[in-house]
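Contents: one structure, followed by commentary.
The values are calculated or read from the model by the stated rules, or taken from the named source; none is laboratory data. Since we're looking at a predicted model, the values are computed, not measured. So basically every Cβ, Gly included, is an ideal-geometry build from the backbone, and we count neighbours across all protein chains shown.
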Amino acid sequence: MKNILKLCLLFLPLLFLTSCFDILDKINLKADGTGEYTVILNASKSKTRLASISKMETINGKKVPKKSEIENKINEASKIFKATPGISNVKTSVDFDNYIIKLSCNFKKIENINAGLEKLKAQNMLGKMIPTQIYSQNLEKKVLTRNKVNTFKTDYDKMSKADKEVFNGATYTSVMQFESTVKSQTNSAYMLSPNKKAVKMDADILDVILQKKQLQNTILFQ
């Protein structure tokens with residue numbers, strides 16, 4: 001799976017028990033290479049079902065995590081990001097009424113996000129399906145790259161039918177906002193804003209897993 005698509009799922013196992021969730025992956029990048037990274041997992045469309053599931057011990061052979069366990073996982077992820085060089089101002093929030101989880105941080109360079117994800121994987125908080133070398137930037141050439149990653153169809157095919165159903169109806173949105181003006185990009189699936197300072201892609205998560213929709217993109221700034 002690409003980018004952050006399974007990040008929240010893997011340290012929030014409660015969401016493996018439902019579909020109908022949305023992931024927003026957002027980058028706000030300044031001309032000097034610094035910026036802010038935000039990921040929001042919104043399962044509010046399934047909040048009634050999740051509220052019922054949260055009262056159970058197990059479902060479909062899986063242990064249902066308690067709210068305290070979910071909070072602990074989020075706190076662990078926050079600490080790992082805080083310990084990553086170049087990352088600061090790490091913030092997390094959890095809304096258990098609507099099942100919305102948010103993690104945000106500032107970075108000195110966009111590759112710091114890659115390093116933070118590597119640390120999460122090293123602590124077994126991310127599965128092998130998660131790529132970590134997602135972004136790269138060349139300030140001198142005014143280029144930002146969202147790197148291509150390998151397909152995860154084989155890993156997906158090995159999942160049980162119940163686990164696969166989790167992704168039915170799930171969506172992923174990538175938003176990248178810039179201080180500089182975009183001159184060109186290589187992936188036309190990203191919509192360019194009228195002011196040419198942001199790009200956005202909406203996709204079904206299954207389309208990303210099966211690479212029916214590609215996320216890689218090379219953006220050249222003026």
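Couple of notes before you dig in:
- Among the conditions (1) on the phi < 0 side of the Ramachandran plot; (2) touching a residue at least 24 places away in the same chain (Cβ under 8 Å), Lys158 misses just one, which is (2).
- Looking only at residues of the range 152-180 that are over 23 Å from Ile27 (Cβ atoms) and hydroxyl-bearing (Ser, Thr, Tyr), we find that the one that is surrounded by the most Cβ atoms within 10 Å (Cβ to Cβ) is Tyr156.
- From the list Met191, Met129, Met125, the one residue that fits, being within 26 Å of Leu103 (Cα to Cα) and modelled with pLDDT of 90 or more, is Met191.
- Taken over the range 1-44, residues that are at pLDDT 80 or above and either crowded, with 18+ Cβ neighbours inside 10 Å or assigned to a strand (DSSP E or B) (or both) amount to 18.
- Residue pairs whose Cβ atoms lie under 8 Å apart, sitting 6 or more positions apart in sequence or on different chains, and linking a residue in the range 29-56 that is more than 20 Å from Ser104 (Cβ to Cβ) to a partner that is acidic (Asp, Glu) and assigned to a loop (DSSP other than H, G, I, E, B), are Ala31/Glu179; Lys47/Asp97.
- Filter result (among the aliphatic types (A, V, I, L, M), out of contact with any Lys or Arg (no Cβ under 9 Å at 6 or more places or on another chain) and part of a helix (DSSP H, G or I)) within the range 53-96: Ile53, Ile70, Ile74, Ala77
- Residue match in the range 125-143 (condition: more than 22 Å from Thr218 (Cβ to Cβ), aromatic (Phe, Trp, Tyr) and either under 15 Å from the mean Cα position of the chain (by Cα) or surrounded by 14 or more Cβ atoms within 10 Å (Cβ to Cβ) (or both)): no
- Where strands (runs of 3 or more DSSP E) fall wholly inside the range 98-217, the ranges with 2 or more residues that are closer than 30 Å to Leu50 by Cα and touching a strand residue (DSSP E or B) at 6+ places or on another chain (Cβ under 9 Å) are 100-107, 171-178, 198-204.
- Hits in the range 181-214 (condition: within 21 Å of Gly33 (Cβ to Cβ), of a type outside the set (Val, Ile, Thr) and crowded, with 17+ Cβ neighbours inside 10 Å): Gln185, Tyr190, Ala198
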